1. Sort through Glu14, Glu91 and tell me the only one that's under 24 Å from Ile212 (Cβ atoms), at pLDDT below 95 and of a type in the set (Asp, Glu).
2. Applying the selection to the range 277-321, what residues are among the charged types (D, E, K, R) and closer than 24 Å to Arg122 by Cα?
3. Could you grab me the full set of residues in the range 326-345 that are surrounded by fewer than 18 Cβ atoms within 10 Å (Cβ to Cβ) and either in contact with a Ser or Thr (Cβ under 9 Å, 6 or more places away or on another chain) or at pLDDT below 95 (or both)?
4. Give the number of residues within the range 424-478 that are aliphatic (A, V, I, L, M), closer than 19 Å to Arg250 by Cβ and in contact with a helix residue (DSSP H, G or I) (Cβ under 8 Å, 6 or more places away or on another chain).
5. Output the residues belonging to the range 395-418 that are over 15 Å from the mean Cα position of the chain (by Cα) and within 16 Å of Pro457 (Cα to Cα).
6. With the checklist (1) part of a helix (DSSP H, G or I); (2) over 30 Å from Phe28 (Cβ atoms) in hand, flag the one item Val60 doesn't pass.
7. Kindly indicate whether any position in the range 460-471 is among the β-branched types (Val, Ile, Thr), at pLDDT 80 or above, in a helix (DSSP H, G or I) and over 30 Å from Gln181 (Cβ atoms).
Amino acid sequence: MVASSPPSGQGSDESIDPAGIGRRAVGFVLAPVLFAGVWLAPLDLPLPAHRLAAILALVVALWLSEALPMAITAFLGVALAVALGVAPAVEAFAPFADPLIFVFIGTFMLARAIFVHGLDRRFALAILDLPGVGGRPGRMLAAFALAGCLLSMWISNTATVAMLYPIALALLRVLEERRRQPAWAAALLLAASFSASVGGLATPVGTPPNLIGLGFVRRELAVDVPFFAWMLLGIPTSLLLLAVAVLGLRAEAGVASGIPTLAAAVHAARHELGPWTRGQVNAFLAFAVTVFLWVLPGAVALLAGQDHPWYGMLQRAVPEGVAALFGAILLFLLPTDLRRLEFTLSWSEAARIEWWIVFLYGGGIALGTLAFRTGLAEAMGRGLTASLGVESGLALLVLATALATLLSETTSNTASANMVVPVAIAVARAAGADPLLPAVGATLGASLGFMLPVSTPCNAIVYGSGRVPLATMARRGLVLDLVGIVVIVAVVATLGPLVLRR
């Protein structure tokens, strides 16, 4: 979920990033060259598919180089598809009104309210102030990572790290009163980054790639994945990766002795928050109502079966997008000061949300949908299947997950999902295998990528502290990437057939 901070590829100050300027310059040159090369190449494709292939070559080059803002690149791709006769406008722009768009809109507003009223900070400090945690750096590291994981299930990974970052620095000041401990500083900061990234896997709204992948699954495979069903896959994946991250970071940092003043500092910070404000109560109420509506159909299916009439009724009456909108609307109805007509969320605050992700989602889904309708995806699937020789469902799941993970190291998670999920579906279809599990594996894999500062905004934030050595980030990130691929494949292959029903 996006609350306040820009994800990768948006809002960064390229004027002080020579590498970023060079990458963008390459993109501006390479994108039209690739477009022209594919356009003129003698491809054995129908004309609309051939033209769309040229458009996708241009779009992928611009996404990877971030030469243009990612949402503008998505707009460009769809506009070119209409202008060059690939599809009529009503068909090309239809995904911008996809029901999952409204899941984005509603959850963005909920996340903004949680951020504005400081409910996220209150929750994080409550976790750190748990009995038996304070004063013990090892336990504090685990609790800190758990707080990041739980928060990023509902608000954006980037906003989670932005909130945890100053808390981490405050803890480090207390931890280093006697002597500087660079290993623990790096471990605590990486715990914030890694936990936020793995926490986003747990729910459909935890990170944009989840909704992007679910959109492709629903539109191309006609499979609706309920909120609760996704959590049955996402939560075990998140918890396993969180455990691996924490154990690895503790091993990296070594053993630190207990520090009584650490517990006192956390308790004092929590005490300074004072009692719950009206805005916090309202934001929590709206959030709780939304989550209840999200998980209710899945709970009914779990207890009574998917054939029970209540399950079908709830799925039709309160799909995820409607539930998210109900929660968002509550934010504008629950007052914080009724005499002044002030409510939990003002429109001026809502307008500060990074709405570009909605446009990126719509454009990515539109281009992916056109790839299937023109036959381009099928042709790509046949070609990749023939060249790679991968045909079994398990091998395709491994390939899709690994490819999405690799790509997410060099480009944003959202772009990775937009590019890899439709390819995974096409390759599986061409191989005669069920594409559902490879598509889910690619969706989850797109949210990995832990090795480099440019891999995720979470990594970039903590690396900017100057207290995280690049070698440490790369070493621990590589381990988490590799373990992540194994965990995703194992969870999806084992639980997927049980919880993802056609």
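The values are calculated or read from the model by the stated rules, or taken from the named source; none is laboratory data. Only a predicted model underlies this, so the values are computations on that prediction, with no experimental measurement involved. No Cβ is skipped: glycine too gets one built from the backbone with ideal geometry, and neighbour counts run over all protein chains shown.
1. Numbers: Glu14 fails: under 24 Å from Ile212 (Cβ atoms).
From the options Glu14, Glu91, the qualifying one is Glu91.
2. If the condition is that a residue be among the charged types (D, E, K, R) and closer than 24 Å to Arg122 by Cα, then Arg278 is the only one that fits.
3. Phe326, Phe332, Leu333, Pro335, Asp337, Leu338, Arg339, Arg340, Leu341, Glu342
4. Step one: of the range 424-478, the residues aliphatic (A, V, I, L, M) are 424-428, 430-431, 433, 436-437, 439-440, 442, 444, 446, 448, 451-452, 454, 460-462, 468, 470-471, 473-474, 478.
With closer than 19 Å to Arg250 by Cβ added as a condition, the list becomes 462, 468, 471, 473-474, 478.
Narrowing further to those that are in contact with a helix residue (DSSP H, G or I) (Cβ under 8 Å, 6 or more places away or on another chain): 462, 468, 473.
Counting residues in the range 424-478 that are aliphatic (A, V, I, L, M), closer than 19 Å to Arg250 by Cβ and in contact with a helix residue (DSSP H, G or I) (Cβ under 8 Å, 6 or more places away or on another chain) gives 3.
5. Within the range 395-418, just Thr410 meets the criteria.
6. Here Val60 clears every test but (2).
7. no
The rows are residues; the columns are (1) part of a helix (DSSP H, G or I); (2) of a type in the set (S, T, N, Q); (3) surrounded by 20 or more Cβ atoms within 10 Å (Cβ to Cβ).
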site: Phe115; (1), (2), (3): yes, no, yes
site: Ala126; (1), (2), (3): yes, no, no
site: Leu130; (1), (2), (3): no, no, no
site: Leu141; (1), (2), (3): yes, no, yes
site: Leu151; (1), (2), (3): yes, no, yes
site: Ala159; (1), (2), (3): yes, no, yes
site: Pro166; (1), (2), (3): yes, no, no
